[in-house]
Structure formats: C-alpha cells, structure tokens
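For reference, the structure is listed below as structure tokens.
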Amino acid sequence: MTPSAMIFDIERYATDDGPGIRSVVFFKGCNLRCSWCQNPESHLSYPQIMYNRKQCTSCGRCMAACPVDAIHNDELFGFITDPDKCIQCGACVDVCYTNARKIVGRRMLLDEIMEELKKDTDYYKDSGGGVTFSGGEPLLQADAVSELAQKCKNEGFHTALETAGYLPWQTFELILPLIDLLYFDLKHIDSDIHRSFTGVPIELILDNIRLAGELQENMVVRIPVIPGFNDSLDIQRRMMKYLSEETAVTQVELLPFHRFGSGKYDGLGIPYAMKDVENLSKSDCEQFAEIGRQLGLNVK
Ligand code: SF4
Ligand code: SF4
C-alpha cells in the first residue's frame, strides 16, 4: 500500500510549536476527548463536514442533495451532519453557493505532504525552524509520522512532535530517535479526575513522560491550565512535584485555557462543555509557574 496519512490541516508559517518558522502537520484522529479541546475536528479519524451557520441562508439545498439523509436542520446548530451516516461524497459542499460547508480531513500521500513541507525550506533554514507533527494524536498514525520524520531528517529539517502520550511505550521508541523536540502534555495527576475530563486514566501517560524524559534530551511538558479541572495550587504542586522528583524533565510550559475552539463545536453540531468558562491569561498562571520554579523546573 502507498504510504499515506489522514490529515486535517497543514499550517504554514507557524511560530508557536517549536523554534523558528515552522509547518505544522495536523493528523486527524485522537484517543482522548478533553472537554476543553480546541480542535474537535481532530477527534474522528475520518473526514467530516464542518458547517458555518453565519454563512448559511437556510436554502436547504444541502439536505436535498445528500444521498444518505445525513443532514438535518437542527434548532440549535443549523444544517449539521451526522458523521455516522455521512459517506463524505461532497455533494452538499458542491451545492452550497455560500460556501457554508467544507470537508475537514483528507488522506494524503506522504510524498504529497513532503511536497507541501518543502515549499518553505528557505524559511526553516533562515529562521532555525522546521516541521512539527501535531493533531489529534499524531502517534495513532505512528508509521506515517516515523516515515515523514525520516524524510524531514533527510532534507535537514528540524522535527518536533506534540503528543498526549496515551500509547504503548514501544510507539515512542520507534519515533523518538527521529524527533529533535518533544512536546508532551500533562493534564492532571489524579487518574479518576483525568478520566472524567479526557476519557482515559493517567498512569500510562505518567510512565511515558518518565521514560521519554530519560531518552529525549529536548523535551517540554505542556500543562493546559483549565478552570475547574486543574487550576488549584494542590493539583499543580502535585504535577510539578512528579516532574521534578520522578522524571528527568526540566522544561515546563503552562498553557492558559482559551475558548479558541468554540465555533468549531457549533460547526460540527457538538455541545461545547466549556462555552461559559472564562479565558485565563499567562498572569493567572504565574502562581503555578512559581511552584514549579521552586521545585527546580524551568517553567514558562
Ligand atoms: S446549502 Fe449551504 S446555504 Fe443552503 S442550507 Fe445548506 S449550508 Fe445553508
Ligand atoms: S458529504 Fe455527502 S453524505 Fe456527507 S452530508 Fe454531504 S451530501 Fe451527505
């Protein structure tokens, strides 16, 4: 089979996910369901219809064109699509004259992805940038990530990987030798609470952070600070203590909660649990950063 990957975006000129100017490859499919996720279109491992109600005139042409009755006019969300029924034929996108519908996610050949990435070779070289693999959970497509990372190395590109880490350790052993910078999420320290907000327990993730910390010289643990979930001194102290005392990790980045993804939930017809939660700023997280610094971590 020709090597390929299910991708929902390739962002060019990115500056937040590694050094310099980068291209970020977003892999579609995730094995967590974090309540605050900013990329709900990344959850399913196949293409989906994204709908923009603001552009919709309620003409109903999409409903009429759908061969499998996957679209209904929802009082709350508008003309949304049932992903379980949709066969991704694109007929509703074609008939929508206001461009209120688009297909998110497509299978791309790895060579096709590399052609996109190579367009910005000069930017990577001039800025000390490179390529970041993100998602979703990119390591659910570990073979594709590994092959792409090898191709990037062959081109001399710096490589970074973002992971939520809920995978067998063997997956990391395959990938890490090809990764220059690893971003590893840590969300909570209590397994039951972690499971209730993300769908999975924490133990495997903690083990993988510890093991990755021993292997990966350049590793940053990213902690999203989420109101009502982990924004307490006690929880933050326990996470920082784990990193400081049980792992070789020294670099930590706090990511304040933001409702960036709320419009996407509407477009997919999914209720957004965090829609009324206030955004946080970096300064709101400073007290947590200070705890980490006192434990010897370099927290940003
Ligand atoms: S075809 Fe487009 S404008 Fe018409 S109802 Fe469907 S989404 Fe709205
Ligand atoms: S892509 Fe095809 S199957 Fe899916 S909602 Fe649109 S018309 Fe229906």
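If you take the charge dipole of the chain about its Cα centre, with +1 on Lys and Arg Cβ and -1 on Asp and Glu Cβ, which of Gly29, Ile179, Tyr46 is farthest toward its positive end?
Final value for the positive-end residue is Tyr46.
Give, rounded to the nearest 20 debye, the magnitude of the charge dipole that the stretch 1-115 has about its Cα centre when Lys and Arg contribute +1 at Cβ and Asp and Glu contribute -1 at Cβ.
160
The stretch 48-104: percent of C-alpha pairs farther apart than 16 Å?
That fraction is 28 percent.
Indicate the gyration tensor shape class of the chain (rounded, prolate or oblate), computed on the Cα atoms with a ≥ b ≥ c the square roots of the eigenvalues: a/c under 1.5 is rounded; otherwise a/b larger than b/c is prolate and the rest oblate. Display every interim value, and only then the final one.
Details: a/c = 2.02, a/b = 1.35, b/c = 1.50.
Oblate.
In the stretch 78-138, with Lys and Arg counted as +1 and Asp and Glu as -1 at Cβ, which of these residues, Val93, Gly130, Phe79, has the Cα nearest the positive end of the dipole, that is, farthest along it?
Phe79
Calculated from DSSP H runs of 4 or more alone, at -39500 (n - 2.57) each and per residue, what is the 222 nm mean residue ellipticity of the chain, nearest 500? Spell out each step's value before the answer.
On the way: 11 runs with 98 residues, N = 300.
One gets -9000 deg cm²/dmol as the mean residue ellipticity at 222 nm.
Anything over 27 Å Cα to Cα? Flag those among Lys102/Lys153; Lys118/Lys282; Lys102/Lys151; Lys153/Lys187; Lys28/Lys119, in the order listed.
Lys102/Lys153; Lys118/Lys282; Lys102/Lys151; Lys153/Lys187
Give the cross-link partners of Lys85 among the aspartates and glutamates, using a straight C-alpha distance below 19 Å as the criterion and excluding same-chain residues fewer than 8 apart.
Answer for Lys85, where 19 Å is the Cα cut-off: Glu41, Asp69, Asp74, Asp94, Asp266, listed by chain and number.
P(r) for the stretch 148-268, please, calculated from all Cα pair distances in 10 Å bins and given in %.
Binned Cα distances yield the sequence 12, 40, 32, 15, 1.
How large is ³J(HN,Hα), in whole Hz, for each residue of the stretch 176-193 in order, when computed from phi with the Karplus curve 6.51 cos²θ - 1.76 cosθ + 1.60 and θ = phi - 60°, using x for Gly and Pro?
Couplings: 4, x, 9, 10, 7, 9, 10, 9, 10, 6, 10, 10, 7, 10, 9, 5, 5, 5 Hz.
Determine the distance separating the Cα centre of the stretch 105-178 from the Cα centre of the stretch 213-254; give it in Å without decimals.
Cα centroid of the stretch 105-178 versus Cα centroid of the stretch 213-254: 24 Å apart.
With an 8 Å cut-off on Cα pairs and a minimum separation of 6 or more residues, tell me the relative contact order of the stretch 1-151 in percent.
On the way: 263 pairs, mean separation 55.3, N = 151.
Relative contact order of the stretch 1-151: 37 percent.
The numbers here are math on the coordinates, done by the rules we state, and not lab data. Only a predicted model underlies this, so the values are computations on that prediction, with no experimental measurement involved. We place every Cβ from the backbone using ideal geometry, glycine too, and count neighbours over all the protein chains shown.
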